[in-house]
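In what follows, a single structure is set out as C-alpha coordinates and then discussed.
The values are calculated or read from the model by the stated rules, or taken from the named source; none is laboratory data. Since this is a predicted model, take the numbers as computed values, not measurements. With ideal geometry, Cβ positions are generated from the backbone for all residues, glycine too; neighbour counts draw on all protein chains shown.
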Amino acid sequence: MQRRSSRLLIGLAVLAAIAGGLLGAFLSGGGGAPRIAVPARHGSPPALKLPLGSAVRLDAAQQDKPYLRDFLATFTSLTPENAMKWDETEPRRGHYTLGDADALVDFAQRTGRRVRGHTLVWDQQLPAWLTGGSWSAGELRQVLEDHIRTLVSHWKGKVESWDVVNEPLENDGTLTRSLWLNVLGPGYIATAFRAAHAADPDARLFLNELAAERPGRKQDALYALVKGLKEQGVPIDGVGFQNHTTVGNPPSEAQLAATFARFEALGLDVEITEMDVTIPPHHPTTDRILARQAQAYRDAAAACANASRCTGLTVWGVTDRWSWLGAAKRPTLYDAHAGPKPARDAVLAPLRK
Ligand code: G3I
(Lines give C-alpha, C1' and ligand atoms only; values in the text may rest on other atoms or scores of the structure.)
Protein backbone atom coordinates (compact mmCIF):
# COMPACT_ATOMS: atom_id res chain seq x y z
CA MET A 1 0.00 0.00 0.00
CA GLN A 2 2.77 2.38 1.04
CA ARG A 3 4.70 1.73 -2.20
CA ARG A 4 1.60 2.32 -4.40
CA SER A 5 0.86 5.68 -2.78
CA SER A 6 4.45 6.86 -3.18
CA ARG A 7 4.38 5.88 -6.86
CA LEU A 8 1.13 7.87 -7.19
CA LEU A 9 2.73 10.90 -5.55
CA ILE A 10 5.72 10.69 -7.87
CA GLY A 11 3.42 10.43 -10.86
CA LEU A 12 1.42 13.45 -9.74
CA ALA A 13 4.63 15.42 -9.21
CA VAL A 14 5.81 14.59 -12.72
CA LEU A 15 2.46 15.63 -14.20
CA ALA A 16 2.55 18.91 -12.27
CA ALA A 17 6.05 19.64 -13.54
CA ILE A 18 4.99 19.02 -17.14
CA ALA A 19 1.90 21.20 -16.74
CA GLY A 20 3.99 23.97 -15.16
CA GLY A 21 6.46 23.84 -18.00
CA LEU A 22 3.73 24.05 -20.60
CA LEU A 23 2.13 26.96 -18.74
CA GLY A 24 5.44 28.74 -18.56
CA ALA A 25 5.99 28.26 -22.25
CA PHE A 26 2.49 29.55 -22.96
CA LEU A 27 3.03 32.64 -20.80
CA SER A 28 6.29 33.41 -22.50
CA GLY A 29 4.48 33.72 -25.81
CA GLY A 30 3.54 30.23 -26.88
CA GLY A 31 6.88 28.55 -26.22
CA GLY A 32 8.39 29.37 -29.61
CA ALA A 33 11.65 31.27 -29.93
CA PRO A 34 11.16 35.07 -29.91
CA ARG A 35 10.70 36.51 -33.38
CA ILE A 36 10.19 39.92 -35.00
CA ALA A 37 7.34 40.08 -37.53
CA VAL A 38 8.37 41.96 -40.67
CA PRO A 39 5.45 44.18 -41.76
CA ALA A 40 3.99 43.13 -45.14
CA ARG A 41 4.55 46.58 -46.59
CA HIS A 42 7.47 48.57 -45.31
CA GLY A 43 9.65 51.32 -46.67
CA SER A 44 13.18 50.67 -47.86
CA PRO A 45 16.14 52.81 -46.90
CA PRO A 46 17.68 55.07 -49.54
CA ALA A 47 20.77 53.87 -51.41
CA LEU A 48 23.69 54.86 -49.20
CA LYS A 49 27.47 55.05 -49.66
CA LEU A 50 27.99 53.23 -46.36
CA PRO A 51 25.92 51.57 -43.60
CA LEU A 52 23.67 53.77 -41.46
CA GLY A 53 22.68 51.76 -38.43
CA SER A 54 20.70 51.86 -35.24
CA ALA A 55 20.75 50.09 -31.93
CA VAL A 56 17.60 47.96 -31.76
CA ARG A 57 15.72 46.73 -28.69
CA LEU A 58 13.85 43.47 -29.08
CA ASP A 59 10.95 44.63 -26.90
CA ALA A 60 10.48 47.77 -29.00
CA ALA A 61 10.76 45.87 -32.28
CA GLN A 62 8.11 43.40 -31.12
CA GLN A 63 5.55 45.83 -29.72
CA ASP A 64 6.04 49.19 -31.46
CA LYS A 65 5.06 49.07 -35.15
CA PRO A 66 6.06 52.71 -35.93
CA TYR A 67 9.49 51.98 -34.37
CA LEU A 68 9.93 49.03 -36.73
CA ARG A 69 8.59 51.08 -39.68
CA ASP A 70 11.11 53.84 -39.00
CA PHE A 71 13.96 51.34 -38.70
CA LEU A 72 13.10 49.63 -41.99
CA ALA A 73 12.71 52.93 -43.85
CA THR A 74 15.98 54.41 -42.62
CA PHE A 75 18.68 52.00 -41.45
CA THR A 76 20.81 49.40 -43.22
CA SER A 77 22.64 48.12 -40.16
CA LEU A 78 21.49 46.74 -36.81
CA THR A 79 23.23 46.61 -33.43
CA PRO A 80 21.43 44.63 -30.69
CA GLU A 81 21.25 47.27 -27.95
CA ASN A 82 21.42 44.81 -25.03
CA ALA A 83 20.62 41.29 -26.24
CA MET A 84 24.22 40.21 -26.80
CA LYS A 85 25.59 41.50 -23.51
CA TRP A 86 26.96 39.07 -20.95
CA ASP A 87 24.08 39.30 -18.46
CA GLU A 88 21.64 38.54 -21.29
CA THR A 89 23.62 35.76 -22.98
CA GLU A 90 25.31 33.78 -20.18
CA PRO A 91 23.23 34.29 -17.03
CA ARG A 92 24.83 31.19 -15.50
CA ARG A 93 28.30 29.87 -16.23
CA GLY A 94 28.16 27.72 -19.35
CA HIS A 95 24.40 28.26 -19.72
CA TYR A 96 23.72 30.39 -22.81
CA THR A 97 20.47 32.18 -23.60
CA LEU A 98 20.84 33.52 -27.13
CA GLY A 99 17.20 33.50 -28.25
CA ASP A 100 16.59 37.23 -28.00
CA ALA A 101 19.74 38.08 -29.92
CA ASP A 102 18.91 35.34 -32.43
CA ALA A 103 15.58 37.07 -33.08
CA LEU A 104 17.38 40.33 -33.87
CA VAL A 105 20.02 38.65 -36.05
CA ASP A 106 17.32 36.65 -37.85
CA PHE A 107 15.32 39.85 -38.45
CA ALA A 108 18.41 41.57 -39.85
CA GLN A 109 19.11 38.63 -42.15
CA ARG A 110 15.51 38.48 -43.39
CA THR A 111 15.58 42.20 -44.18
CA GLY A 112 19.12 42.36 -45.56
CA ARG A 113 20.69 44.39 -42.76
CA ARG A 114 24.29 44.27 -41.57
CA VAL A 115 24.74 43.24 -37.93
CA ARG A 116 27.25 44.75 -35.52
CA GLY A 117 27.76 42.51 -32.50
CA HIS A 118 27.74 44.39 -29.18
CA THR A 119 29.58 43.67 -26.91
CA LEU A 120 31.80 40.78 -25.89
CA VAL A 121 33.75 42.31 -22.97
CA TRP A 122 32.62 45.23 -20.81
CA ASP A 123 32.72 45.98 -17.10
CA GLN A 124 28.95 46.56 -17.01
CA GLN A 125 25.90 44.32 -17.43
CA LEU A 126 27.83 41.32 -16.09
CA PRO A 127 25.94 38.54 -14.29
CA ALA A 128 26.34 37.99 -10.56
CA TRP A 129 28.12 34.65 -10.95
CA LEU A 130 30.89 36.54 -12.69
CA THR A 131 31.16 39.67 -10.55
CA GLY A 132 30.57 37.75 -7.32
CA GLY A 133 33.19 35.07 -7.97
CA SER A 134 36.79 34.95 -6.69
CA TRP A 135 38.76 34.05 -9.78
CA SER A 136 42.26 32.90 -10.51
CA ALA A 137 43.71 34.42 -13.67
CA GLY A 138 43.70 31.03 -15.37
CA GLU A 139 40.08 30.31 -14.60
CA LEU A 140 38.82 33.78 -15.52
CA ARG A 141 40.75 33.68 -18.78
CA GLN A 142 39.03 30.38 -19.55
CA VAL A 143 35.63 31.91 -18.75
CA LEU A 144 36.37 34.86 -21.02
CA GLU A 145 37.58 32.72 -23.91
CA ASP A 146 34.66 30.28 -23.58
CA HIS A 147 32.15 33.16 -23.65
CA ILE A 148 33.70 34.82 -26.67
CA ARG A 149 34.16 31.57 -28.58
CA THR A 150 30.55 30.52 -27.92
CA LEU A 151 28.98 33.81 -29.03
CA VAL A 152 31.23 34.54 -32.00
CA SER A 153 31.03 31.02 -33.40
CA HIS A 154 27.25 30.95 -32.85
CA TRP A 155 26.81 33.96 -35.15
CA LYS A 156 29.77 33.20 -37.44
CA GLY A 157 29.02 34.59 -40.88
CA LYS A 158 25.99 36.52 -39.59
CA VAL A 159 27.67 39.22 -37.48
CA GLU A 160 29.84 41.36 -39.75
CA SER A 161 31.76 43.10 -36.97
CA TRP A 162 32.06 42.95 -33.21
CA ASP A 163 32.61 45.46 -30.47
CA VAL A 164 35.04 43.05 -28.84
CA VAL A 165 36.05 45.29 -25.92
CA ASN A 166 33.82 48.17 -24.84
CA GLU A 167 35.01 51.25 -22.95
CA PRO A 168 38.28 50.00 -21.45
CA LEU A 169 39.44 53.54 -20.61
CA GLU A 170 38.57 56.16 -18.02
CA ASN A 171 38.25 59.79 -19.10
CA ASP A 172 41.75 60.49 -17.73
CA GLY A 173 43.18 57.86 -20.07
CA THR A 174 43.86 55.17 -17.46
CA LEU A 175 42.50 51.66 -17.89
CA THR A 176 39.17 51.18 -16.12
CA ARG A 177 39.55 49.17 -12.90
CA SER A 178 37.33 46.23 -13.86
CA LEU A 179 37.09 42.55 -13.00
CA TRP A 180 39.02 41.89 -16.20
CA LEU A 181 41.87 44.31 -15.49
CA ASN A 182 42.10 43.43 -11.81
CA VAL A 183 42.43 39.67 -12.40
CA LEU A 184 43.94 39.39 -15.88
CA GLY A 185 45.85 42.66 -16.22
CA PRO A 186 45.86 44.77 -19.42
CA GLY A 187 46.43 41.60 -21.44
CA TYR A 188 42.70 40.80 -21.20
CA ILE A 189 42.17 43.07 -24.18
CA ALA A 190 44.51 41.14 -26.48
CA THR A 191 43.12 37.85 -25.15
CA ALA A 192 39.60 38.93 -26.11
CA PHE A 193 40.56 39.94 -29.62
CA ARG A 194 42.51 36.74 -30.23
CA ALA A 195 39.61 34.59 -29.00
CA ALA A 196 37.15 36.44 -31.24
CA HIS A 197 39.40 36.14 -34.27
CA ALA A 198 39.91 32.43 -33.68
CA ALA A 199 36.13 31.93 -33.60
CA ASP A 200 35.40 33.94 -36.75
CA PRO A 201 38.46 35.04 -38.75
CA ASP A 202 36.23 36.92 -41.18
CA ALA A 203 34.51 39.19 -38.64
CA ARG A 204 35.93 42.69 -38.25
CA LEU A 205 36.96 43.30 -34.66
CA PHE A 206 36.58 46.71 -33.02
CA LEU A 207 37.55 48.38 -29.80
CA ASN A 208 34.62 50.65 -28.89
CA GLU A 209 35.07 53.79 -26.78
CA LEU A 210 33.10 56.85 -25.73
CA ALA A 211 34.24 60.46 -25.31
CA ALA A 212 37.35 60.00 -27.45
CA GLU A 213 36.05 61.82 -30.54
CA ARG A 214 38.18 64.90 -29.88
CA PRO A 215 41.88 65.44 -29.07
CA GLY A 216 42.82 65.00 -25.42
CA ARG A 217 44.21 62.59 -22.83
CA LYS A 218 41.59 59.96 -23.48
CA GLN A 219 42.05 59.98 -27.23
CA ASP A 220 45.84 59.87 -26.77
CA ALA A 221 45.48 56.87 -24.45
CA LEU A 222 43.15 55.17 -26.92
CA TYR A 223 45.65 55.82 -29.72
CA ALA A 224 48.52 54.36 -27.66
CA LEU A 225 46.39 51.35 -26.71
CA VAL A 226 45.36 50.38 -30.23
CA LYS A 227 48.83 51.22 -31.64
CA GLY A 228 50.28 48.79 -29.12
CA LEU A 229 47.77 46.11 -30.04
CA LYS A 230 48.63 46.50 -33.71
CA GLU A 231 52.35 46.31 -32.96
CA GLN A 232 51.80 43.09 -30.96
CA GLY A 233 50.03 41.59 -33.97
CA VAL A 234 46.70 41.49 -32.14
CA PRO A 235 43.87 41.00 -34.70
CA ILE A 236 42.13 44.36 -34.28
CA ASP A 237 40.44 45.86 -37.35
CA GLY A 238 38.90 49.10 -36.15
CA VAL A 239 37.97 51.63 -33.51
CA GLY A 240 34.41 52.58 -32.68
CA PHE A 241 33.81 56.17 -31.59
CA GLN A 242 30.46 56.17 -29.83
CA ASN A 243 29.74 59.92 -30.19
CA HIS A 244 27.17 60.27 -27.44
CA THR A 245 27.01 64.07 -27.59
CA THR A 246 24.82 67.11 -26.97
CA VAL A 247 23.43 69.96 -29.03
CA GLY A 248 25.52 72.30 -26.90
CA ASN A 249 28.91 70.97 -27.84
CA PRO A 250 28.99 68.29 -30.53
CA PRO A 251 32.29 67.41 -32.24
CA SER A 252 32.61 69.36 -35.48
CA GLU A 253 33.06 67.74 -38.87
CA ALA A 254 36.70 68.89 -38.86
CA GLN A 255 37.38 67.44 -35.42
CA LEU A 256 35.88 64.08 -36.40
CA ALA A 257 37.78 64.12 -39.70
CA ALA A 258 41.06 64.69 -37.87
CA THR A 259 40.31 61.91 -35.39
CA PHE A 260 39.40 59.48 -38.13
CA ALA A 261 42.58 60.29 -40.09
CA ARG A 262 44.72 59.82 -36.96
CA PHE A 263 43.47 56.28 -36.37
CA GLU A 264 43.19 55.33 -40.04
CA ALA A 265 46.92 56.07 -40.27
CA LEU A 266 47.43 53.06 -37.96
CA GLY A 267 45.82 50.86 -40.59
CA LEU A 268 42.46 50.75 -38.82
CA ASP A 269 38.86 51.22 -39.89
CA VAL A 270 36.75 53.67 -37.90
CA GLU A 271 33.02 53.86 -37.23
CA ILE A 272 30.64 56.07 -35.31
CA THR A 273 28.97 53.37 -33.26
CA GLU A 274 26.45 54.87 -30.82
CA MET A 275 25.56 58.42 -31.82
CA ASP A 276 22.87 60.38 -30.09
CA VAL A 277 22.55 64.16 -29.63
CA THR A 278 20.92 65.16 -26.36
CA ILE A 279 18.66 68.21 -26.10
CA PRO A 280 18.56 69.53 -22.50
CA PRO A 281 15.26 68.27 -21.05
CA HIS A 282 14.16 71.73 -19.90
CA HIS A 283 14.72 73.23 -23.37
CA PRO A 284 11.55 73.58 -25.50
CA THR A 285 11.49 71.76 -28.82
CA THR A 286 12.09 74.77 -31.03
CA ASP A 287 12.99 74.76 -34.73
CA ARG A 288 16.32 76.27 -33.76
CA ILE A 289 17.29 73.52 -31.33
CA LEU A 290 16.18 70.83 -33.79
CA ALA A 291 18.30 72.50 -36.48
CA ARG A 292 21.33 72.47 -34.19
CA GLN A 293 20.75 68.78 -33.50
CA ALA A 294 20.41 68.12 -37.23
CA GLN A 295 23.70 69.91 -37.87
CA ALA A 296 25.50 67.65 -35.40
CA TYR A 297 24.20 64.56 -37.20
CA ARG A 298 25.01 66.02 -40.60
CA ASP A 299 28.57 66.85 -39.55
CA ALA A 300 29.17 63.32 -38.27
CA ALA A 301 27.76 61.75 -41.41
CA ALA A 302 29.83 64.05 -43.63
CA ALA A 303 33.01 63.28 -41.68
CA CYS A 304 32.37 59.56 -42.06
CA ALA A 305 31.39 59.76 -45.74
CA ASN A 306 34.54 61.75 -46.58
CA ALA A 307 36.95 59.65 -44.52
CA SER A 308 39.04 56.99 -46.22
CA ARG A 309 38.16 54.14 -43.84
CA CYS A 310 34.96 55.08 -42.03
CA THR A 311 32.76 52.02 -42.51
CA GLY A 312 29.52 53.05 -40.85
CA LEU A 313 27.53 55.38 -38.63
CA THR A 314 25.17 53.92 -36.02
CA VAL A 315 22.62 55.92 -34.03
CA TRP A 316 21.92 54.65 -30.53
CA GLY A 317 18.19 54.12 -30.81
CA VAL A 318 15.47 54.41 -33.44
CA THR A 319 13.00 56.76 -31.71
CA ASP A 320 13.16 59.09 -28.70
CA ARG A 321 10.52 57.01 -26.92
CA TRP A 322 12.90 54.04 -26.54
CA SER A 323 16.16 55.90 -26.06
CA TRP A 324 18.30 54.85 -23.08
CA LEU A 325 18.51 58.56 -22.31
CA GLY A 326 14.76 58.94 -22.01
CA ALA A 327 12.36 60.71 -24.38
CA ALA A 328 12.77 64.05 -22.61
CA LYS A 329 16.28 64.40 -24.02
CA ARG A 330 14.97 63.84 -27.59
CA PRO A 331 18.36 62.40 -28.78
CA THR A 332 17.49 60.33 -31.87
CA LEU A 333 16.32 60.91 -35.46
CA TYR A 334 12.66 60.21 -34.68
CA ASP A 335 10.52 61.86 -32.00
CA ALA A 336 8.59 60.09 -29.26
CA HIS A 337 5.69 59.54 -31.68
CA ALA A 338 8.05 58.02 -34.26
CA GLY A 339 7.84 61.09 -36.49
CA PRO A 340 10.97 62.18 -38.37
CA LYS A 341 12.96 65.13 -37.03
CA PRO A 342 15.19 67.36 -39.16
CA ALA A 343 18.10 65.19 -37.99
CA ARG A 344 16.80 62.27 -40.06
CA ASP A 345 17.24 63.93 -43.43
CA ALA A 346 20.38 65.69 -42.20
CA VAL A 347 22.20 62.44 -41.38
CA LEU A 348 21.08 60.84 -44.66
CA ALA A 349 22.14 63.69 -46.94
CA PRO A 350 25.95 63.15 -46.87
CA LEU A 351 25.48 59.37 -47.05
CA ARG A 352 23.24 59.18 -50.11
CA LYS A 353 24.80 57.75 -53.23
O1 G3I B 1 15.40 44.00 -19.22
C2 G3I B 1 15.31 44.51 -17.86
C3 G3I B 1 13.85 44.49 -17.40
O4 G3I B 1 13.41 43.14 -17.32
C5 G3I B 1 13.76 45.16 -16.03
O6 G3I B 1 12.40 45.22 -15.63
C7 G3I B 1 14.34 46.57 -16.13
C8 G3I B 1 14.29 47.31 -14.82
O9 G3I B 1 15.26 46.76 -13.94
O10 G3I B 1 15.73 46.50 -16.54
C11 G3I B 1 15.82 45.94 -17.85
O12 G3I B 1 17.19 45.90 -18.22
C13 G3I B 1 17.73 47.20 -18.52
C14 G3I B 1 18.23 47.17 -19.97
O15 G3I B 1 18.89 48.41 -20.29
C16 G3I B 1 17.09 46.96 -20.97
O17 G3I B 1 16.21 48.05 -20.90
C18 G3I B 1 18.91 47.42 -17.59
O19 G3I B 1 18.44 47.56 -16.27
C20 G3I B 1 19.65 48.69 -17.99
O21 G3I B 1 20.83 48.83 -17.23
C22 G3I B 1 20.04 48.59 -19.48
O23 G3I B 1 20.64 49.83 -19.85
C24 G3I B 1 21.44 49.74 -21.03
C25 G3I B 1 22.84 50.26 -20.69
O26 G3I B 1 23.65 50.24 -21.87
C27 G3I B 1 23.49 49.39 -19.62
O28 G3I B 1 24.58 50.04 -19.14
C29 G3I B 1 20.83 50.62 -22.11
O30 G3I B 1 19.57 50.07 -22.53
C31 G3I B 1 21.76 50.69 -23.30
O32 G3I B 1 21.29 51.63 -24.27
C33 G3I B 1 23.15 51.15 -22.84
O34 G3I B 1 23.99 51.15 -23.96
C35 G3I B 1 25.38 51.44 -23.67
C36 G3I B 1 26.22 50.62 -24.63
O37 G3I B 1 25.91 49.26 -24.47
C38 G3I B 1 27.69 50.92 -24.41
N39 G3I B 1 27.97 52.36 -24.56
C40 G3I B 1 27.16 53.19 -23.66
C41 G3I B 1 25.68 52.94 -23.89
C42 G3I B 1 24.84 53.82 -23.00
O43 G3I B 1 25.04 53.47 -21.65
| How many residues, within the range 40-54, are surrounded by fewer than 19 Cβ atoms within 10 Å (Cβ to Cβ) and either aromatic (Phe, Trp, Tyr) or within 14 Å of the ligand (Cβ to nearest atom) (or both)? | 0
| Does Gln242 meet the test of being over 18 Å from the mean Cα position of the chain (by Cα) and among the polar types (S, T, N, Q)? | no
| query | Within the range 55-73, which residues are among the hydrophobic types (A, V, I, L, M, F, W, C), near the ligand (Cβ under 10 Å from one of its atoms) and farther than 20 Å from Ser161 by Cα? | reply | Ala60
| query | Any residue at all in the range 142-160 that is within 16 Å of the ligand (Cβ to nearest atom) and either free of Cβ contacts under 8 Å to residues at least 60 places away in the same chain or among the small types (Gly, Ala, Ser) (or both)? | reply | yes
| request: Give the range 306-349 a look and list any residue that's in contact with a helix residue (DSSP H, G or I) (Cβ under 7 Å, 6 or more places away or on another chain), in a helix (DSSP H, G or I) and surrounded by fewer than 17 Cβ atoms within 10 Å (Cβ to Cβ), or say none. | output: Asn306, Ala327, Ala349
| note | Scanning the range 185-213 for residues that are over 17 Å from the mean Cα position of the chain (by Cα), surrounded by 20 or more Cβ atoms within 10 Å (Cβ to Cβ) and over 23 Å from Ser153 (Cα atoms) gives Ala212, Glu213
| query | Is it true that some residue in the range 267-275 is under 17 Å from Leu48 (Cβ atoms), in contact with a His (Cβ under 9 Å, 6 or more places away or on another chain) and at pLDDT 95 or above? | reply | yes
| message | Restricting to the range 321-347, count the residues that are within 16 Å of the ligand (Cβ to nearest atom) and over 22 Å from Pro51 (Cβ atoms). | response | 7
| In this structure, does Thr76 turn out to be closer than 17 Å to Lys158 by Cα and either out of contact with any Cys (no Cβ under 6 Å at 6 or more places or on another chain) or within 16 Å of the ligand (Cβ to nearest atom) (or both)? | yes
| (1) within 21 Å of Ala196 (Cα to Cα); (2) away from the ligand (no atom under 16 Å from the Cβ): which one isn't true of Arg116, the others all being true? | (2)
| field | Residues located in the range 83-93, provided they are within 12 Å of the ligand (Cβ to nearest atom) and either touching a residue at least 60 places away in the same chain (Cβ under 8 Å) or under 14 Å from Val105 (Cβ atoms) (or both) | value | Ala83, Met84, Trp86, Glu88
| Filtered residue count, the range 142-177, keeping only those that are out of contact with any strand residue (DSSP E or B) (no Cβ under 9 Å at 6 or more places or on another chain) and more than 20 Å from Glu213 (Cβ to Cβ) | 11
| request: State all residues of the range 273-300 that are within 16 Å of the ligand (Cβ to nearest atom) and either surrounded by fewer than 23 Cβ atoms within 10 Å (Cβ to Cβ) or more than 27 Å from Gly240 (Cα to Cα) (or both); if no residue qualifies, say none. | output: Thr278
| query | For Phe263, are the conditions met, namely being in contact with a strand residue (DSSP E or B) (Cβ under 7 Å, 6 or more places away or on another chain) and away from the ligand (no atom under 16 Å from the Cβ)? | reply | yes
| said: Taking the criterion of being under 23 Å from the mean Cα position of the chain (by Cα), closer than 15 Å to Leu120 by Cα and either within 16 Å of the ligand (Cβ to nearest atom) or modelled with pLDDT under 95 (or both), would at least one residue in the range 214-232 satisfy it? | reply: no
